[in-house]
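Before any comments, here is the structure.
No value in this document is a laboratory result; all are computed from the given coordinates. Keep in mind that what you see is a predicted model, and the values were worked out from it rather than measured. Using ideal geometry, Cβ is built from the backbone for each residue, glycine included, and neighbour counts are taken over all protein chains shown.
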Number of protein chains: 2
Amino acid sequence: MARPPSVRDDDLSDRLAEVFREAGYEGASLGALSEAAGLRRASLYHRFPDGKVQMAEAVLERVERLFAHALQPMREDPDVRAGITRSARLIDGLYGGGLLSCVMDSMTLGGVPETVRQRAAEIAESWISTMADAARRGGRSRSAARTSAEDAFALVEGGLVHGRLFGDSGPFQRALTRLPDLLLG
Amino acid sequence: MARPPSVRDDDLSDRLAEVFREAGYEGASLGALSEAAGLRRASLYHRFPDGKVQMAEAVLERVERLFAHALQPMREDPDVRAGITRSARLIDGLYGGGLLSCVMDSMTLGGVPETVRQRAAEIAESWISTMADAARRGGRSRSAARTSAEDAFALVEGGLVHGRLFGDSGPFQRALTRLPDLLLG
DNA sequence: GTCTATATTTGGATAGAC
DNA sequence: GTCTATCCAAATATAGAC
């Protein structure tokens, strides 16, 4: 039995995520990742033999799980509107009230490995699909459900851009508050 | 009289802008900038003695001017709704129909020099203010004008994130089409 | 003003001891 | 599993010829 890791996998992913989120993929240097993780560079390579790409993928896997959990009410609550509202609160938590950048934004600029880009796009698509399904269950037409879900995604993501630029989460908060109406019409 | 530059200032800024927009500040390497400019690294340093930071600032100055021009109808047209519609078309052009990233997004991640961050924020603030002024002239209350302008900004920026993620400019296009209604209520 | 050549630093990645 | 030490490549920046 080998020595137990000094940082649990989920904790490690969370710490790395913070760096990738703030700095983007290319801006996230191994030095910064190492410092945030509380591990030396070589130790990071022990945990992630494929290096930075693998760290980014682990981060996105973690984000995917966190999102899946936050979206559970929207997916399962028989009261569609209540489910959307509950998920909105959880999403608010994921983004620190709207002052944290989104990895689907910061990790998808040019120069990012295709596997990483794709992973991020999958998470976004899953989020949008879930919102569209909820809108559909709420009685909207297939096409209206889809477009309103896409627009809601844009409003939330843009709200985060605004939050990063001005340190003001107003637009993000309004987007989440209005989420039920945006989706259900 | 020295030798005339092989690339005009505005052209040069445009070419550099393309790299910064796609790759972000940290991802924009001097090699990529040099290639896009059609100039050797050393020649770039002749034009921008302070290096990459100065290049980024020049790009943002250029973006500021382009935006000022695109927003002119919204600022000046006595028919407020018509002015918003005309500016929306010009903004559409600036973003290549919604498939180009926004420098206010890609150049404001962590690790970006403060002067650059600030410049980007100023452009965004100027854009939002202009939209708020138009909404105000269109008869909305001061606070409703401001929040609708912020929300419109978020919707457009988020539309660009969606465009980059999926190569689908739908949300961006809808945001611009709905811009008059978003601002005027 | 642009170029070739080079200096300097930083970043990603590996080897091997404990 | 984590560490120190090191390698190698890439990136920023400069010197000096044309």
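What's the FRET efficiency of residue A:99 with residue B:94 using the Cβ-Cβ distance as r and R₀ = 22 Å, to the nearest 0.05?
On the way: r = 27 Å, r/R0 = 1.25.
In this case the efficiency is close to 0.20.
Label positions at residue A:10 and residue A:118, each projected 7 Å from the Cα along the C-beta direction, are separated by 2.8 nm.
At a Förster radius of 51 Å, what calculated FRET efficiency corresponds to the Cβ-Cβ distance of residue A:81 and residue A:42, to the nearest 0.05? FRET efficiency, residue A:81 to residue A:42: 0.50. Using a 7 Å projection from Cα along Cα-to-Cβ, the label point at residue B:167 is separated from the same position in the remaining copies by 4.0 nm, smallest value first.
Comparing A:29, A:48, A:88 along the charge dipole axis of chain A, the residue lying farthest to the positive side is A:88, per the Cβ-charge model.
Across region B:169-175, computed HN-Hα scalar couplings (Karplus, 6.51 cos²θ - 1.76 cosθ + 1.60, θ = phi - 60°) run 8, x, x, 4, 4, 5, 4 Hz from first to last residue, x flagging Gly and Pro.
On average, how many beta carbons from a partner chain sit within 10 Å of the beta carbon of a residue in B:103-114? Numbers along the way, then the final one.
On the way: counts 0, 4, 10, 6, 0, 5, 14, 12, 8, 3, 0, 0.
What the average comes to for B:103-114 is 5.
Evaluated at 37 °C with a viscosity of 0.692 mPa s, what Stokes-Einstein diffusion coefficient in µm²/s does chain A have when Rh comes from the Kirkwood expression over alpha-carbon pairs?
Numbers: Rh = 17.3 Å.
Roughly 190 µm²/s, to the nearest whole number.
Between copies, the label points at residue B:64 (set 7 angstrom from Cα along Cα-to-Cβ) are spaced 4.3 nm, reported in nanometres from shortest to longest.
What net charge do the residues around residue A:111 carry, taking every other residue with its C-beta under 14 Å from that of residue A:111, with Lys and Arg at +1 and Asp and Glu at -1? Intermediate results must be reported in sequence, preceding the final value.
Numbers: positive: A:52, A:117, B:21, B:164; negative: A:26, A:114, B:18, B:22, B:26, B:35.
Local net charge: -2.
Based on the convex hull around the alpha carbon atoms, region B:69-174 presents an average projected area of 6.9 nm².
Taking Cα centre as origin and charging only the Cβ of basic (Lys, Arg, +1) and acidic (Asp, Glu, -1) residues, the dipole magnitude of the protein assembly as shown rounds to 260 debye. The tail of the calculated P(r) for the protein assembly as shown, taken as Cα-Cα distances beyond 32 Å, holds 36 percent of the pairs. When chain B is turned onto chain A, the axis of that turn runs closest to one Cβ of chain B, and that residue with its distance in whole Å is B:158, 2.
Using Cα pairs under 8 angstrom and six or more residues apart, how large is the relative contact order of region A:59-118, in percent? All intermediate terms of the calculation are to be shown ahead of the outcome.
Working: 32 pairs, mean separation 14.7, N = 60.
The value is 24 percent.
In this assembly of identical copies, the label point of residue A:125 (Cα plus 7 Å along Cα-to-Cβ) is separated from its counterparts by 4.0 nm, sorted shortest first.
Charged side chains reduced to their Cβ positions (Lys and Arg at +1, Asp and Glu at -1) give region A:60-184 a dipole of some 260 debye around its Cα centre.
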